[in-house]
Amino acid sequence: MNYRSLKKVNLSVSEIGLGCEHLQGKSYDEVKDIIDCALSNDINIFEVFMSEPNVRENIGKALEGKRDKVIIQGHIGSIWKNGQYSRSRNIDECKFFFEDLLARLNTDYIDIGMIHYVDTLDDFENVFNGEIIEYAKSLKKSGKIKALGMSSHNPVISKMAACTGLLDVLMFSINPAYDILPEHTDVMDMFVKETFDDENLKGINAKREDLYKTCEAMDVSITVMKTLGAGTLLKKETSPLDVALTVSQCINYALDRPAVSSVLIGCANCDEILNALNYKSSTERHYSEVLQSVSKFSMEGKCVYCNHCLPCPSKIDIAKVNKFLDLSSLSDSNFDNIKSNYLKMDTHAENCIECKSCEKNCPFGVSVIEKMRKARETFGI
């Protein structure tokens, strides 16, 4: 297992995390088997947004004696009302059900406290100018949460939240299909294939691309939801891209976006966990050639950081160089921090011998040599 840092809080999380939503409705024994399987395969981050009492208790019981092995991402504003899940901005309800989460998980802290599901401007202003954000900040100050996060499906609202300087972590929906949608697309429409019939869709939406780069520049780590598009991306008949992707391709696509620390995969059994853990070794992990054939995902001349251009005879991580170069052009980028991270690389653009083997391999026709020259000018060595 590879691990990545949640930079602002110095926590290390597994690249593959367990989305626990499919544990709801299962027996304790089933929940324990799935959690034990995840832990035995070095998964250390669990996403627990569910408010249903039984699943919270089953997860807590399954983690007895193992709490220190797990980074739990739990939500503020996810409540259980009238026998069903609901989202709330009532401060008393938020407090009650967050304390309920602590009690049923049998823990005195949650590693990542997520303000739950902020997708609209009105909701953003309500949360960040009211009692919810003050409560979340008090939880962090008291140690009941170690990191402060927010979950969202809207790139504009997410960037606004990241730019407050308050977020350590953002939970965001990332996959190749969602990335081409306009920023104002409602979350429920993302599951409807007709949403993708718009002939104007072309390439990664600029607002989403800007969000990922802004989070990277500001050290706001992203944990990823909806990686498989609720499974629709895995079959040609249901895929909004009209082409089937593998689980490994979806995971690697998300991991290649700037700022991403962990991809949270909802798994209903151990076989699904093991399938997700095949993300690096699978022969079907490379997504770039598949997406290059999708007209709506046209990225001609733009690097998607897939490293399909490798191997490089000078052992340059070309995608990482390109990512730092792109980050440096952001108006709100922290250039000194970006340059510092660039210089920590083992090899740099200075090492490029301009053999052009990378350009022959790139499915998107990126002028790699030109980018290496630009990186030398921008960062030096």
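Largest GNM mean-square fluctuation among Val260, Val321, Val187, using the chain with Cα springs under 10 Å: Val187.
So which residue, out of Met190, Met225, Met114, gets the largest mean-square fluctuation from a GNM of the chain using Cα contacts under 10 Å as springs? Fluctuation is largest for Met190.
Note on segment 35-190: antiparallel DSSP beta bridges, both residues inside, total approximately 20 percent of the bridges counted. The helix-based estimate of mean residue ellipticity at 222 nm for the chain, built from -39,500 (n - 2.57) per DSSP H run of four or more residues and divided by its residue count, is -10500 deg cm²/dmol to the nearest 500. Checking [x] 1.05; [y] 0.97; [z] 1.00 against the coordinates, the calculated Rg/Rh (Cα atoms, Kirkwood Rh) falls under label [y]. For segment 166-250, applying the loop criterion from DSSP together with a ceiling of 16 other beta carbons within 10 Å to the trypsin sites (Lys or Arg not before Pro) yields Lys202, Lys235, Lys236. For segment 108-196, a/c is not less than 1.5, where a ≥ b ≥ c are the root eigenvalues of the C-alpha gyration tensor, and a/b tops b/c. That puts it in the prolate class. Prolate is the label for segment 31-150. Its Cα gyration tensor axes, ordered a ≥ b ≥ c, give a/c of at least 1.5 and a/b above b/c. The magnitude of the dipole of the chain, with charges of +1 and -1 set on the Cβ of Lys/Arg and Asp/Glu and taken from the Cα centre, is near 1000 debye. Restriction of the GluC sites (Glu not before Pro) in segment 139-223 to DSSP coil positions whose beta-carbon has at most 12 other beta-carbons within 10 angstrom yields Glu199. Here segment 256-355 is treated with +1 on each Lys and Arg Cβ and -1 on each Asp and Glu Cβ, and its dipole about the Cα centre works out to around 80 debye. Going by a ≥ b ≥ c, the root eigenvalues of the Cα gyration tensor, does segment 329-369 fall in the rounded group (a/c under 1.5), the prolate group (a/b larger than b/c) or the oblate group? Oblate, because a/c is 1.5 or more while a/b does not exceed b/c. Of Lys315, Lys32, the residue with the largest accessible area leads and the full order is Lys315, Lys32 (1.4 Å probe). Along the axis of the charge dipole computed for the chain (Cβ charges of +1 for Lys and Arg, -1 for Asp and Glu, origin at the Cα centre), the listed residues His184, Leu325, Ile43 are led at the positive end by Leu325. At an R0 of 25 angstrom, the distance between the Cβ atoms of Lys236 and Asn278 translates into a FRET efficiency of 0.75. Once both labels are positioned 7 Å from their Cα atoms along Cα-to-Cβ, the gap between Cys355 and Asn41 label points is 3.6 nm.
Projecting the Cα atoms of Asn341, Tyr279, Cys303 onto the dipole axis of the chain, where Lys and Arg carry +1 and Asp and Glu carry -1 at the beta carbon, places Asn341 farthest toward the positive end. Taking the Cα-to-Cβ direction at Ser12 and at Lys69 and moving 7 Å from each Cα, how far apart do the two end points lie in nm? Output for this residue pair reads 1.6 nm. Here the chain carries DSSP beta bridges of which approximately 20% are antiparallel, counting only pairs with both residues inside. A Gaussian network model of the chain, with springs between Cα atoms under 10 Å, assigns the largest mean-square fluctuation among Met171, Met160, Met299 to Met160.
The values are calculated or read from the model by the stated rules, or taken from the named source; none is laboratory data. These numbers were taken from a predicted model, which means no experiment stands behind them. Glycine also receives a Cβ, built like all others from the backbone with ideal geometry; neighbour counts cover every protein chain displayed. Quick note on the areas: whole protein, heavy atoms, side chains included, nothing else; ligands and nucleic acids left out. Shrake-Rupley method; radii C 1.70, N 1.55, O 1.52, S 1.80 Å.
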